[in-house]
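Input: a single structure, listed below in structure tokens.
Bear in mind that the values in this text are calculations on the coordinates, not laboratory data. What you see is a predicted model, and the numbers here were worked out from it, not measured in a lab. Virtual Cβ from ideal backbone geometry, glycine too; neighbours counted across all protein chains shown.
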């Protein structure tokens, strides 16, 4: 009941963004279970406008990062679905974002992967205390296609 009261106390725009983030996290988790990551991302990005060349709208960026973080606490979602949802929400508004993936070995020598979202070189979703331990894959940006 307390969470519902907190949700209802939010301004309408924040509440709507939070609910949209939660819904998209559920969709992203389901889609990642059904489709290969690359195909899913390529298909989704075709629906967004190209990023604008202006400086980032940091208020929008921070609001989306907050909503995705809070939604993940409520409905769950590992780093990859969170990064995807943040990317979708920010690209929809024309923000330039970069989804990054890195790998590292954990303390037992097992491979550990992590995904995060960057805007203007700053990690906005998926920041960890030990980010430097991850060997980052090349950019995942997909060039726009004609169709």
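Enter the Cα centre distance for the pair region 7-64 and region 88-147, rounded to the nearest angstrom.
First find each Cα centre; the distance between them is then 15 Å.
Could you identify which residue out of 133, 70, 29 has the top mean-square fluctuation in a GNM of the chain using Cα springs shorter than 10 Å?
133
Among 69, 120, 106, rank each residue by its count of other Cβ atoms within 10 Å, from fewest to most, as a rough exposure measure.
Listed from fewest to most nearby Cβ atoms, that is 106, 120, 69.
Could you please rank 105, 20, placing first whichever residue has the fewest other Cβ atoms within 10 Å of its Cβ?
Starting with the residue having the fewest Cβ neighbours, the order is 105, 20.
Could you put 58, 66, 88 in order, starting from the residue whose Cβ has the fewest other Cβ atoms within 10 Å?
By the 10 Å Cβ count, ascending: 58, 66, 88.
When the helices in the chain are scored as -39500 (n - 2.57) per DSSP H run of 4 or longer and the sum is shared across all residues, what 222 nm value do you end up with, to the nearest 500 deg cm²/dmol?
Calculated at 222 nm, the ellipticity per residue is -16000 deg cm²/dmol.
Consider all pairwise Cα distances in the chain and report the whole-number % of them above 22 Å. Let's see the in-between values first.
Values: 4509 of 10731 pairs.
Looking at the chain, the distances longer than 22 Å represent 42 percent of pairs.
Just to be sure I understand the model, the point goes 7 Å from the Cα along the line to the Cβ. What's the resulting residue 43 to residue 108 distance in nm?
Inter-label distance under the simple model: 3.4 nm.
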